[in-house]
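J.: Pasting a structure below so you can have a look.
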Protein chains: 2
Amino acid sequence: MKPLFHPSIEDVTVEGILHALSDPVRASIFLDIAGTTSSLTCSNFPSAREQNVPKSTLSQHFKVLRDAGLIRGERHGVEMKNVSRCAEIEKRFPGLIPSIIRAKTIQKQGKSHGGAGAKTKSASTRR
Amino acid sequence: MKPLFHPSIEDVTVEGILHALSDPVRASIFLDIAGTTSSLTCSNFPSAREQNVPKSTLSQHFKVLRDAGLIRGERHGVEMKNVSRCAEIEKRFPGLIPSIIRAKTIQKQGKSHGGAGAKTKSASTRR
DNA sequence: TCAATAGTTCCGAAACTACGAACTATCGAC
DNA sequence: GTCGATAGTTCGTAGTTTCGGAACTATTGA
């Protein structure tokens, strides 16, 4: 079957990475993947589940993450194992991913204390 | 006149920053601003000039950068001085901006040696 | 007051995104 | 092998965002 495109690490761009992670759903998916050593299937994402993201949208998000070079998807039987490509990216763009993850963590922490949340344009309620 | 909106630093989001910098034109504009101590007017951007970006589009890009909290625009007479808010952001999200700038620099350096350029979706030729 | 300059706003066209429905691929049961 | 179930992908449509030319606004200098 069609073998699922992944860019070589030299073709990975900063723009692509930033674009992929500028979406809150994709960002939380990526954090899940990057934060575990075991590989996750496309449907096993608590963060995405909570938000009731439909299957087709989820599939698109995974495609964007793959195209950006952030994750690698491998078919294992009927389901797909997703693993991060952090190590490769770290070699090409040292410190980039860790600092983004750190920033996201800081933002999440400060979210509880009465924060009205900034205007992320399309982040909150869309459609 | 209308005093030009700027978010307070607590309302600045990682998503907003990443989205703003995921566009190559905006990114190069921001690099110009962040890389100099003197403030720049909206029209004095070699990077934008070269690419023939029309005035209205440029204005939109500056608005996105302002809304993301990356720059501050102040009217001085008939023109606008743009200065970066790197120091503020550095306090809120330590290391984020520097690592992005570093990554962009790495990417620019490696661009010459026969690189076909990755597929940044909308990066190159749009419309 | 008038012309010139620097940015913004308006708006139609093109590009992008979300998501339901239909489709494809793989596994297990029979 | 065929059937059904499951996991993802693709297609099509509707809504959103972005681009960029034309018109508009604000400020300075003549």
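J.: Can you give the FRET efficiency for B:Gln109 and B:Asp11, using 1/(1 + (r/R0)^6), R0 = 45 Å, r = Cβ-Cβ distance, to the nearest 0.05?
T.: Efficiency computed from Cβ-Cβ geometry: 0.85.
J.: While we're on this one: Calculate, in nm to one decimal, what B:Val25 and B:Val78 gain on full extension: separation in residues at 0.36 nm each, minus their alpha carbon distance.
T.: Going from the current span to full extension adds 16.7 nm.
J.: Go through the range B:1-98 and name the chymotrypsin sites (Phe, Trp or Tyr not before Pro) that are in a DSSP coil and have 16 or fewer other Cβ atoms within 10 Å of their Cβ. List each step's numbers first, then the result.
T.: Numbers: sites: B:Phe5, B:Phe30, B:Phe62; in loops: B:Phe5.
Those that pass, being in a loop and sparsely packed, are B:Phe5.
J.: Rounded to the nearest 500 deg cm²/dmol, what is the calculated helix-only ellipticity per residue at 222 nm for chain A, with -39500 (n - 2.57) per DSSP H run of length n ≥ 4? Display every interim value, and only then the final one.
T.: Values: 6 runs with 58 residues, N = 127.
My calculation for chain A gives -13000 deg cm²/dmol from helical runs alone.
J.: Would you calculate the separation in nanometres between label points at A:Ser43 and A:Ser56, each defined as 7 Å from the Cα along the Cα-to-beta-carbon direction?
T.: Label-label distance for A:Ser43 and A:Ser56, simple model: 1.8 nm.
J.: First measure r as the distance between the Cβ atoms of B:Lys63 and B:Lys91, then evaluate 1/(1 + (r/R0)^6) with R0 = 30 Å and state the FRET efficiency to the nearest 0.05.
T.: Numbers: r = 24 Å, r/R0 = 0.79.
Computed FRET efficiency for B:Lys63 and B:Lys91: 0.80.
J.: Okay, next question. Find the all-direction average of the projected area of the Cα convex hull for the protein assembly as shown, expressing the result in square nanometres with one decimal place. All intermediate terms of the calculation are to be shown ahead of the outcome.
T.: Working: hull surface 63.7 nm².
Mean projected area of the Cα convex hull: 15.9 nm².
J.: Which distances, in nm and shortest first, link the A:His6 label point to the same label point in every other copy, taking 7 Å along Cα→Cβ?
T.: The answer, with the shortest distance listed first, is 4.4 nm.
J.: Along the range B:92-98, what does the Karplus equation 6.51 cos²θ - 1.76 cosθ + 1.60 (θ = phi - 60°) give for ³J(HN,Hα), rounded to whole Hz, x for Gly and Pro?
T.: Each residue of the range B:92-98 in turn: 7, 10, x, x, 4, 4, x Hz.
J.: Packing-wise, with mean Cβ within 10 Å as the measure, how do A:64-70, A:95-101 rank, highest first?
T.: Result, highest mean first: A:64-70, A:95-101.
J.: Calculate the mean, over all residues of peptide B:86-98, of how many other protein chain Cβ atoms lie within 10 angstrom of the residue's Cβ.
T.: Partner Cβ neighbours, averaged per residue: 3.
Readers should treat all values here as calculations from the given coordinates under stated rules, not as data from a laboratory. Every value quoted in this text rests on a predicted model; they were computed, and no experiment measured them. Ideal geometry is used to build each Cβ from the backbone, glycine not excepted, and the neighbour counts take in all protein chains shown.
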